[in-house]
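For reference, the structure discussed in these notes is given below.
The values are calculated or read from the model by the stated rules, or taken from the named source; none is laboratory data. Computed from a predicted structure; not experimentally measured. Here the Cβ positions follow ideal geometry from the backbone for every residue, glycine too, while neighbour counts run over all protein chains shown. The area values use the complete protein model at the heavy-atom level, side chains included, leaving out ligands, DNA and RNA. Shrake-Rupley method; radii C 1.70, N 1.55, O 1.52, S 1.80 Å.
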Amino acid sequence: MAINEEQVKHVAKLAKLSFSDDELTGFTDQLGKIIDMVEQLSEADTEGVPFTSNVIDTVNVMREDVATEGWSRDELMKNVPESEDGFIKVPAIIDNGEAGA
């Protein structure tokens with residue numbers, strides 16, 4: 001499947017990326033090669049090959065979930081640069097509904 005520069009521009013726009021003309025030509029070529037490799041994989045005969053989700057036989061080792069006593073608030077607040085009413089005070093990152101730069 002061939003991919004053209006207009007398709008690469010469209011994908012770049014969706015990803016909020018911009019490319020120079022040279023980069024656009026290079027990425028078009030690279031994406032075309034990637035698509036060709038993926039299409040080549042579809043030609044491989046996988047009939048009778050079991051699904052592989054992990055190549056290593058691993059088993060999760062789970063510990064019992066036991067509640068333990070936590071740290072005291074006073075001890076934790078010793079390391080906080082600024083607090084207010086018993087809570088950690090942090091700088092605002094959202095102003096008027098917009099993310100800060």
Problem set entry | trypsin sites (Lys or Arg not before Pro) lying in DSSP loop within the stretch 1-85, provided at most 12 other Cβ fall within 10 Å | Lys16, Arg63, Lys78
For this session: With all protein chains present, calculate the accessible area of Leu41 using a 1.4 Å probe and round the result to the nearest 10 Å².
Result: 130
For this session: Would you mind calculating the gained length between Glu43 and Asp22 on full extension (0.36 nm times residue separation, minus the Cα-Cα distance), in nm to one decimal?
Result: 4.3 nm
Exercise. Contour minus end-to-end for Lys33 and Val90, with contour as 0.36 nm per residue of separation and end-to-end as the Cα-Cα distance?
Worked result: 15.8 nm
Exercise. Which lysines have a Cα lying under 23 Å from the Cα of Lys89, excluding residues fewer than 8 positions away in the same chain?
Worked result: Lys78
Seminar exercise, completed: The lysines whose Cα lies under 26 Å from the Cα of Lys33, excluding any fewer than 8 residues away in the same chain, are Lys9, Lys13, Lys16
Exercise. Hey, could you pull the Cα Rg and Dmax for the chain, both in Å?
Worked result: 26.6, 66
Exercise. Using alpha-carbon pairs under 8 Å, 6+ residues apart, how would you state the relative contact order of the chain in percent?
Worked result: 18
Seminar exercise, completed: To the nearest 10 degrees, the tilt of helix 5-14 (Cα long axis) against the first principal axis of the alpha carbons of the chain is 10
Problem set entry | Spin-label pair Ala12/Glu82, simplified geometry with 7 Å Cα→Cβ offset, distance in nm | 4.2
Problem set entry | Within the chain, longest stretch clear of exposed GluC sites (Glu not before Pro) (DSSP loop, no more than 16 other Cβ within 10 Å) | 1-42
Exercise. Given the convex hull over the Cα atoms of the stretch 26-77, what projected area results after averaging over all orientations, in nm²?
Worked result: 10.4
